[in-house]
Ligand SMILES: Cc1ncc(COP(=O)(O)O)c(C=O)c1O
């Protein structure tokens, strides 16, 4: 049977550079020449491809955005009502005030909110406001914060600066040189690396922006130490919660770690896959949004706000994050058990709600490609990182773990005979260094 997704991808690559809009959704990142690539519909945790074959999604649930599952009935209903009332108008949508109040209520340290549609955009807004406030040019960052010039500019002084933060080999083509030597990366759980940046750039670092957690939990009070260091040096601390927010607890992960920043950024799960992102912060800082120009027509459409309000209400009502953590723990335990049973070496990391494992072998890319290939045959979109969704249940998870067991068993047999893995296409491309879903 012709893989209709791969056929469409060939057409796409002629009219869309790279074939799509998001690196993490490129077929080559999963299974070159074999990945279904496009979906006809997605519902709950099931995705149907163009060949009408259905899969359980254990490969990130819409790049971590669909905590409540795909096509959530309550969100769809609220959105449909919003569409009937008109998603756009000359006047503003009252829902933006409601969503702002909800975010402030969850994050008691914050006073004000600005909204946009995507995560990278929200990071840019946060940076602009924080720079207007601090009046300092330079930025220290840790993690991934979108595609914009300010972030990519860290590769201007050294083309390898983003290798450890995001992806090797990105280079710096097309990035304005005006940011050169002003954007510096520090390493997670390495306070010395941040201290060095402050020392080298005395009184010039105005912003510290970071993901509150990546693969590993913070160690030795790392987040508190970052906060203290930022404060001591007169820099604003921004937590980028675009991936971490709303998975482990209702709100930013920093609430769980009990370290409040000056500003925080949300996206993805906030609208359960609908376009809405938010920057929250303390009033004295957020007020500086008024001293610069931050404005966009499409930030005013109502659907994103409606999706955000409905998602937050539902998460709270169903105590969703408790389920996510419970399912994630079950999967982590399950991985460890089937790996032990089959004598496969893996390491397990990440939040319980965003669990990750890694094959610990020199040929891990080959094994990983084979894993995705064989899981696909068994009806799963799967890689080593999972974003738990509330629509998983014990039955689906048990089925998933039985399939992982089968594939690990095959891997062990091939690996112990030192045979080549029977792959039907090339190896998958490198995934992002960030928590890659
Ligand atoms: C921590 C973090 N910041 C920023 C972004 C960029 O968000 P978006 O892809 O919505 O622009 C992402 C996306 O993966 C992210 O994980």
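The values are calculated or read from the model by the stated rules, or taken from the named source; none is laboratory data. Predicted model, so just to flag it, every value in this text is computed and none were measured. Positions of Cβ are generated from backbone atoms using ideal geometry, with glycine treated the same way; all protein chains shown enter the neighbour counts.
Determine if region 307-322 includes at least one residue that is more than 22 Å from the chain's Cα centre (by Cα) and crowded, with 22+ Cβ neighbours inside 10 Å. Taking every residue of region 307-322 in turn, none turns out to be more than 22 Å from the chain's Cα centre (by Cα) and crowded, with 22+ Cβ neighbours inside 10 Å.
Residue by residue through region 203-229, note down the ones that are away from the ligand (no atom under 13 Å from the Cβ) and either out of contact with any strand residue (DSSP E or B) (no Cβ under 7 Å at 6 or more places or on another chain) or free of Cβ contacts under 8 Å to residues at least 24 places away in the same chain (or both). 203, 217, 218, 219, 220, 221, 222, 223, 224, 225, 228, 229, listed by residue number. Annotation: of all residues in region 230-253 being within 13 Å of the ligand (Cβ to nearest atom) and not in a loop (DSSP other than H, G, I, E, B), the one that is nearest to residue 144 (Cα to Cα) is 240.
Checked against the criterion of being in the same structural domain as residue 182 (by TED's automatic domain parsing) and more than 16 Å from the ligand (Cβ to nearest atom), the candidates 52, 81 yield just one match: 81.
Looking across region 275-293, the residues that are within 30 Å of residue 76 (Cα to Cα) and either free of Cβ contacts under 8 Å to residues at least 40 places away in the same chain or touching a strand residue (DSSP E or B) at 6+ places or on another chain (Cβ under 8 Å) (or both) come down to 276, 277, 278, 279, 280, 281.
Residue 151 meets each of the listed conditions (1) surrounded by fewer than 17 Cβ atoms within 10 Å (Cβ to Cβ); (2) within 16 Å of the ligand (Cβ to nearest atom); (3) not in a loop (DSSP other than H, G, I, E, B) apart from (1). Could you check region 104-122 and list, in sequence order, the residues that are within 16 Å of the ligand (Cβ to nearest atom) and either closer than 22 Å to residue 256 by Cα or modelled with pLDDT under 95 (or both)? Residue satisfying the conditions is 119 alone. The strands (runs of 3 or more DSSP E) falling completely within region 328-437 include none with 3 or more residues that are touching a helix residue (DSSP H, G or I) at 6+ places or on another chain (Cβ under 7 Å) and surrounded by fewer than 15 Cβ atoms within 10 Å (Cβ to Cβ). Considering (1) touching a strand residue (DSSP E or B) at 6+ places or on another chain (Cβ under 6 Å); (2) under 30 Å from residue 279 (Cα atoms), the lone condition that residue 346 does not fulfil carries the number (2).
Taking the listed residues 136, 160, the one that is away from the ligand (no atom under 16 Å from the Cβ), surrounded by fewer than 19 Cβ atoms within 10 Å (Cβ to Cβ) and not in a helix (DSSP H, G or I) is 160, with no other qualifying. Considering the conditions (1) out of contact with any helix residue (DSSP H, G or I) (no Cβ under 6 Å at 6 or more places or on another chain); (2) in contact (Cβ under 8 Å) with a residue 24 or more places away in the chain, residue 272 is excluded by exactly one of them, (1).
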